[in-house]
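The values are calculated or read from the model by the stated rules, or taken from the named source; none is laboratory data. Small disclaimer: the values here were computed from a predicted structure and weren't measured. As a convention, Cβ positions derive from the backbone with ideal geometry for all residues, glycine included, and neighbour counts pool all protein chains shown. For accessibility, only protein heavy atoms count, side chains too; no ligands or nucleic acids. Shrake-Rupley method; radii C 1.70, N 1.55, O 1.52, S 1.80 Å.
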Amino acid sequence: MEKSGNGLVRSIGTMQATAINMSQMMGAGPFITIPIILTTMGGPQAMFGWIAGALLALLDGLVWSELGSTLPGEGGTYIYLREAFQYRTGKLMPFLFIWSTLIATPMMMATGAIGLANYFGYFFPHITPLETKLVAVAVTIITIALLYRRVNSVAKISTILWIGMIVTVVMVIGTGLTHFNPQLAFNFPKNAFAPASFFTGLGAGMLLSIYDYMGYYTSCYLGDEVKNPGRTIPRVVTLSILLVAVIDLMMNIGIIGVVPWQTAMKSTNIGSQLMGHIWGTPGAVIITLLIIWTCFASVYTGLLGASRLPYNAAKDGLFFKVFAKLHPKYQFPNVSLLIMGIVMAICCFFDLSTIINALMALIIVVQFMGQIVALTVLRKRRPDLKRPYKQWLYPIPSIIAFIGWGYVFYSSGWSAITLAVVWTVIGIGVFLVWAHLHSEWPFGQKKIQEAFKSLEQ
């Protein structure tokens, strides 16, 4: 098998990478956010929130495609921020990224586990909130156990889970389309498009819909394990977003074309309710089992990508050394996997909507807006880099995506914004202590280390 420069095996092909991305994207998201988006926007005009989220994901996907193909390696955003900002602020930006992901990424995985546990409650209607959280913790433990193996085995499991996900969405979309009632789907309330309320709701709706798309970049975190990353990464990022955008929009509109939106917005297991409405209990049972499968696929692939982040930072000496260890036999970052899994299990004890808002606020500024700036910096600082893929119509997509992320960040609410600001300020303080102990910038000279080859090399 082909190996990368870091000793990891390049065994993930286009289909497997697409499966990993889509499994992360198509997890609990649509099945738990449809009622929340309908409530937030006050009716079926929520479809514009879904469309706006898809457009933002596509524009941002062009950023990921160029960075992922130019700088393929374990860690994704960590590498992009490290390579771009080392010239001015040393290791501050990659440090802040790892700092934010320490809680934000396990939060995201926890939402999938909580969503799974909520649907599990369909079979046990009297289950208590605490018992639901314990089910989510059990899901986390099972996920860690299944990821504790060689990456080529992990990729095969991801493909199997992806197939189950496709069956799930086909059933939901098929049921929605064959029983679709446009009078229900487009039954807009009075003043649905009044500018003040519509645009306020649109920002919150975009936040939830872009959460549904989170994961289109998962393969970028596995850059040292992807075959021919220069071609594969841009292809699978764009393909994943387009496929999931079509699937999500058809599924969301299809559901409110069967279940009145006034009813759907109050549901806690909308997928089960849809199938039960048409096919009765047998249909509801089948779809609930498949949704549980889909949620698990999301958690599985998400934790797979997340475990590579602290690993790569630790290899660079920017995080605790223990995270840099690979399993002696299976060659994967086992310590990083275990610790991220433990944090995820703790996050399972918090409220779902609170977690979604908080994690989005935590990751937007440093990760998504930060790496848009990183792309521009690298274009100016490193014109010599090999770029198998270049962003279309640069810099227009970057500018629009940057504005879009700023809008979503503002719409996350002041409590989430406050958490993000406080956590970042604490992170800066921790960085300064670390930098002082290691004589790094601003207490020492910047150590410029350009890790990726130029065109001449």
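Here the accessible area is traced with a 1.4 Å probe on the protein chains. For segment 326-457, carbon and sulfur cover 68 percent of it.
Inter-part distance, segment 265-317 to segment 113-140, computed on C-alpha centroids, equals 12 Å. In the context of the full set of protein chains, residues of segment 158-223 present 40 Å² of accessible surface per residue (probe radius 1.4 Å, heavy atoms only).
In whole percent, how big is the carbon plus sulfur part of the accessible area of segment 11-97, probe 1.4 Å, protein atoms only? Don't jump to the answer; show the numbers that get you there.
Numbers: 1130 of 1570 Å².
Accessible surface attributable to carbon and sulfur in segment 11-97 totals 72 percent.
Which residues' amide hydrogens lie under 5 Å from the amide hydrogen of Q45, considering only partners 5 or more residues apart or on another chain, with H built in the peptide plane? Amide H to amide H, under 5 Å and 5 or more residues apart or across chains, Q45 pairs with nothing.
Given a 1.4 Å probe and every protein chain left where it sits, what share in percent of the accessible area of segment 191-265 is carbon and sulfur?
Working: 1600 of 2250 Å².
Exposed carbon and sulfur together represent 71 percent of the surface.
Along segment 47-56 the Karplus relation, 6.51 cos²θ - 1.76 cosθ + 1.60 evaluated at θ = phi - 60°, assigns HN-Hα couplings of 4, 6, x, 5, 5, 4, x, 5, 5, 5 Hz to successive residues, with x for each Gly and Pro.
Evaluated at q = 0.27 Å⁻¹, the base-10 log of the normalised Debye intensity for segment 379-457, with identical point scatterers placed on the Cα atoms, takes the values -1.11. Label positions at K190 and K380, each projected 7 Å from the Cα along the C-beta direction, are separated by 5.4 nm.
Phi angles of segment 428-436 translate, via the Karplus equation with coefficients 6.51, -1.76, 1.60 and θ = phi - 60°, into HN-Hα couplings of 4, x, 5, 4, 4, 5, 4, 5, 5 Hz per residue; Gly and Pro are given as x.
Taking amide H as placed 1.01 Å from N in the peptide plane, the amide H of E74 sits under 5 Å from that of G223, D224, each at least 5 places away or on another chain. Exceedance of the 19 Å cut-off in Cα-Cα distance is limited, within the set K156/K325; K156/K227; K156/K390; K325/K447, to K156/K325; K156/K390; K325/K447. Couplings 3J(HN,Hα) of segment 236-241, computed from phi: 6, 5, 5, 4, 4, 5 Hz, in residue order, whole Hz [Karplus 6.51 cos²θ - 1.76 cosθ + 1.60, θ = phi - 60°; x for Gly and Pro].
Each Lys or Arg adds one and each Asp or Glu takes one away; over the other residues whose Cβ falls under 14 Å from the Cβ of F349, this sums to -1. Heavy-atom accessible area with a 1.4 Å probe sorts M369, M109, largest first, into M369, M109. Equivalent ellipsoid of segment 252-398: semi-axes from √(5λ) of the C-alpha gyration tensor, largest first, are 38, 25, 15 Å.
In degrees from 0 to 90, rounded to the nearest 10, what is the angle of the helix 151-178 Cα long axis to the longest principal axis of the chain? Rounded to the nearest ten degrees, it is 30.
The residue list T376, G283, G341 was ranked by how far each Cα lies along the charge dipole of segment 278-381 toward its positive end, using unit charges on Cβ atoms, and T376 comes out on top. Length gained on full extension, L437 to F198, computed as 0.36 nm times the residue gap minus the Cα-Cα distance: 81.0 nm.
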